[in-house]
1. Can you compute the modelled spin-label distance between residue 143 and residue 85, with each label point 7 Å from Cα toward Cβ, in nm?
2. Most exposed first by the Cβ proxy, i.e. fewest other Cβ within 10 Å, how do 58, 45 rank?
3. On a C-alpha basis, how far is the centre of region 89-168 from the centre of region 38-80 in Å? Whole number, if you could?
4. Residues with amide H under 5 Å of residue 88's amide H, sequence separation 5 or more or different chain, H placed in the peptide plane at 1.01 Å from N; which?
5. With labels modelled as points extended 7 Å from the Cα through the Cβ direction, what inter-label distance (nm, one decimal) is found for residue 163 paired with residue 96?
6. So who's got an amide H within less than 5 Å of the one on residue 54, skipping anything under 5 residues away but keeping other chains? H placed 1.01 Å off N, in plane.
7. Among 163, 101, 89, rank each residue by its count of other Cβ atoms within 10 Å, from fewest to most, as a rough exposure measure.
8. Set Lys and Arg Cβ to +1 and Asp and Glu Cβ to -1, take the dipole of region 46-154 about its Cα centre, and tell me which of 85, 49, 115 lies farthest positive.
Amino acid sequence: MTQTLPCLHPNPGWNGAQSLKSPKHPTSPAPAEPVASSPETMVGKHCILELYDCNPQKLDDEAFLRTAITTAAKRAGATLLNLITHRFEPQGVTGLALLAESHISIHTWPESGYAAVDVFTCGDHTMPERACDVLGKELGATRRKLKSFRRETPASIADGIREPVPAV
């Protein structure tokens, strides 16, 4: 899959080709009604996943979790840039995957069979729910709780022209 500028740009949803006009009246108040998401206003999708009754051995296996996170990123259509994990004593692992599109994090409590997962991706080519599905299956979770929501560009800047900050 070829990535385009919008999914790698620090302001996801901005593609330079579309005309993002400055507001005609910059001092006008924002509309009272929320504006529906569009590709220009959506920054990305954020999933918060609770995994219960997981396999305790897998929750405490740092190498296994590295593989599971890598697989989850690939299945989500994301680009893995870096992966850092840490195993705690006597148990538990934290992992953080830096993605070109944002991140995946996991924190495990093997003694409780529990994992807290966070998947945030930008760009319209990614599917964070797939990453959540992979992690739930890989960890053998018998119960899951998924909250998912769209991250949107703040209304105050949605119609403005966004340009890179000049280097200091």
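Quick note: the coordinates plus some simple rules give every number you see, no bench work behind them. Since the model is a prediction, treat every value here as computed from it, not as a measurement. FYI the Cβ positions are ideal-geometry reconstructions off the backbone, even for glycines, and counts take in every protein chain you see.
1. According to this spin-label approximation, the distance is 2.6 nm.
2. Final ranking by Cβ density, sparse to dense: 58, 45.
3. Taking the Cα centre of each part, region 89-168 and region 38-80 sit 7 Å apart.
4. 93, 94
5. 3.3 nm
6. 114, 142
7. 89, 163, 101
8. Positive-end residue among those listed: 49.
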